[in-house]
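Report on the structure given below.
The values are calculated or read from the model by the stated rules, or taken from the named source; none is laboratory data. Predicted, not measured: the structure shown is a model, and the values here were computed from it. Cβ placement follows ideal geometry from the backbone for every residue including glycine, while neighbour counts extend to all protein chains displayed.
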Amino acid sequence: MNKKRNIISTNVYKLHAGSTEISPFHDFYANENTILRICAGRFFAHYNGEDVSAAYWSLRRNAAIFDVPERPIEISGPESISFLNLIFTRDVATLRVGRGFYVLACTPDGGILMDGILFKLSKDRFWFVQPDGDILTWLLAHKSNYDIHLSDPQSRVLQLQGPTSFKILHEASNGEITENFKYFDSGFFKIADQNVYISRTGWTGELGYEIYTLKGQTNYQLLWSHLFKIGENFGLTFSSMQAMNIRRIEAGIFDSGGDFDINTSPYEMGLEKFIDFKKKKFIGKKALHRVNKNKKILGIMSGAVIPAKGDTVFHGKKEIGRITTGAYSPFFDSGIGYLKLNTKIPPSNKKITMLSKTAGWTTCNYTKLPFYDCEKILARSLI
């Protein structure tokens, strides 16, 4: 007789049917409380048993390392710039070697297919770092008329984020990372005699760096141990995605596929500054001239309830939108999240209410994004 199993549905996470990679850093931090999820075909620590508020403040006051699932894709060849200018809305010809910038890929209808960071490693060699989804199929579908090569560099990514991250990386790199390594700069370096690619970027809104391993050139154990040995003097901790998610919401950073999808235009997300209409062509250009130009994303705050994806927001009796994401912010001591509008922005002097799926009705306030540090001073400075 088969014994009936009691499975708690909230502990089961849906996985896509593509590749599934365990991180080579996994064994350095995993414990009996670790919960894994998957993005871009890679498992990551969704939760690691830590005190989330303590991890958040460690990120804000010192530094934290995150083992993230981002997946770089390499685009190379003599026509790589022309090809990437077709795929992305920004003018890739303006990107210099040793720099990166934020890019959007749109559908022919003007919806956002994916966002990410594009780095220029050399004259005809680029990395596009995708957060999730399947951009490779899209690239393959459009490459036939271009002399380019697509490949997987098999790079794993660590994010070192927080106010002391520069001091840690400066010492860990034997002084190779200096004050002159600016926001969105990138390049090849050595840490513990291991070859890596480093960018001054991140997903937290804090001062931070991303460390990309290089296939056959990076010993994961040596890299990890060296970073934490140096980091001991600077309050370095490991954190799951929990603290990072809180900070990215506070910083107004969007989650591809979560906060927007192919039915959302860049204008609705306030991302129109990343469209260069001076380019001769790119996928979605004609449609973007015609789409509604009204911004439809706001921040929302509730002192009583943590907003959750799918919660409904009302102005009076009229539904005005739904929550795309939410978290508790220790900084604000409040629930915060993103409100995606389906109508015009309500008057600023009017109260709005949220119907939480778990807590019922509550009053809340809305604000422009980001919730603070609009000029990205934290990420741009070394203080």
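Mind listing just one residue for me: the one in the range 161-177 that is touching a residue at least 12 places away in the same chain (Cβ under 8 Å) and not in a helix (DSSP H, G or I) and, of those, farthest from the chain's Cα centre (by Cα)? Spell out the reasoning first.
Step one: list which residues in the range 161-177 are touching a residue at least 12 places away in the same chain (Cβ under 8 Å), which gives 161-169, 171-174, 176-177.
Now narrow it down to the ones that are not in a helix (DSSP H, G or I): 161-164, 173-174, 176-177.
Working: Q161: 13, G162: 15, P163: 19, T164: 21, S173: 25, N174: 28, E176: 26, I177: 23 Å.
So, considering only residues that are touching a residue at least 12 places away in the same chain (Cβ under 8 Å) and not in a helix (DSSP H, G or I), the one farthest from the chain's Cα centre (by Cα) is N174.
Given the condition under 30 Å from S53 (Cα atoms) and either without any contact (Cβ under 8 Å) to a residue 24 or more places away in the chain or not aliphatic (A, V, I, L, M) (or both), answer yes or no: does some residue in the range 268-287 qualify?
Just the residues of the range 268-287 that are under 30 Å from S53 (Cα atoms), to begin with: 269-270.
Then drop every residue that is not either without any contact (Cβ under 8 Å) to a residue 24 or more places away in the chain or not aliphatic (A, V, I, L, M) (or both), which leaves 270.
Yes, some residue in the range 268-287 is under 30 Å from S53 (Cα atoms) and either without any contact (Cβ under 8 Å) to a residue 24 or more places away in the chain or not aliphatic (A, V, I, L, M) (or both).
What are the residues in the range 186-204 that are crowded, with 23+ Cβ neighbours inside 10 Å and among the small types (G, A, S), if any?
Matches in the range 186-204: S186, S199, G202.
Return the residues of the range 268-313 that are at pLDDT below 95 and among the hydrophobic types (A, V, I, L, M, F, W, C); say none if nothing qualifies.
Selection gives V291, A304.
Residues that are crowded, with 22+ Cβ neighbours inside 10 Å, at least 1 per element: which strands (runs of 3 or more DSSP E) completely within the range 52-160 meet that? Lay out the reasoning, then the answer.
On the way: elements: 63-68, 71-76, 100-106, 112-122, 125-130, 149-151.
So the answer is 63-68, 71-76, 100-106, 112-122, 125-130.
So which residues in the range 261-294 are basic (K, R), farther than 13 Å from G111 by Cα and either surrounded by 15 or more Cβ atoms within 10 Å (Cβ to Cβ) or not assigned by TED's automatic domain parsing to the domain that holds T94 (or both), if there are any at all?
Of the range 261-294, the ones basic (K, R) are 273, 278-281, 285-286, 290, 293.
Next, only the ones that are farther than 13 Å from G111 by Cα stay: 273, 278-281.
Across the range 261-294, the qualifying residue is only K279.
So for the range 205-213 (the condition being among the hydroxyl-bearing types (S, T, Y), assigned to a loop (DSSP other than H, G, I, E, B) and either closer than 30 Å to D124 by Cα or free of Cβ contacts under 8 Å to residues at least 40 places away in the same chain (or both)), does at least one residue qualify? Before you say what the answer is, go through the steps one by one.
We begin by selecting, within the range 205-213, every residue among the hydroxyl-bearing types (S, T, Y); these are 209, 212-213.
Those still in the list that are assigned to a loop (DSSP other than H, G, I, E, B) too: none.
No.
Can you confirm whether the range 367-378 contains a residue that is over 20 Å from G270 (Cα atoms) and either out of contact with any helix residue (DSSP H, G or I) (no Cβ under 8 Å at 6 or more places or on another chain) or in the same structural domain as T178 (by TED's automatic domain parsing) (or both)? Quick ask: steps written out before the conclusion?
Narrowing the range 367-378 to residues over 20 Å from G270 (Cα atoms): 378.
Those still in the list that are either out of contact with any helix residue (DSSP H, G or I) (no Cβ under 8 Å at 6 or more places or on another chain) or in the same structural domain as T178 (by TED's automatic domain parsing) (or both) too: 378.
Within the range 367-378, one or more residues are over 20 Å from G270 (Cα atoms) and either out of contact with any helix residue (DSSP H, G or I) (no Cβ under 8 Å at 6 or more places or on another chain) or in the same structural domain as T178 (by TED's automatic domain parsing) (or both).
Kindly check whether there is at least one residue in the range 185-204 that is in a loop (DSSP other than H, G, I, E, B), aromatic (F, W, Y), in the same structural domain as R96 (by TED's automatic domain parsing) and within 24 Å of M114 (Cα to Cα).
In the first step, residues of the range 185-204 are kept if they are in a loop (DSSP other than H, G, I, E, B); the result is 192-193, 200-204.
When the remaining residues are screened for being aromatic (F, W, Y), the result is 203.
Subsequent filtering for residues that are in the same structural domain as R96 (by TED's automatic domain parsing) retains 203.
Next cut, within 24 Å of M114 (Cα to Cα) only: 203.
Checking the range 185-204: at least one residue is in a loop (DSSP other than H, G, I, E, B), aromatic (F, W, Y), in the same structural domain as R96 (by TED's automatic domain parsing) and within 24 Å of M114 (Cα to Cα).
With the checklist (1) closer than 30 Å to E206 by Cα; (2) in contact with a Ser or Thr (Cβ under 9 Å, 6 or more places away or on another chain); (3) modelled with pLDDT under 95 in hand, flag the one item L339 doesn't pass.
(3)
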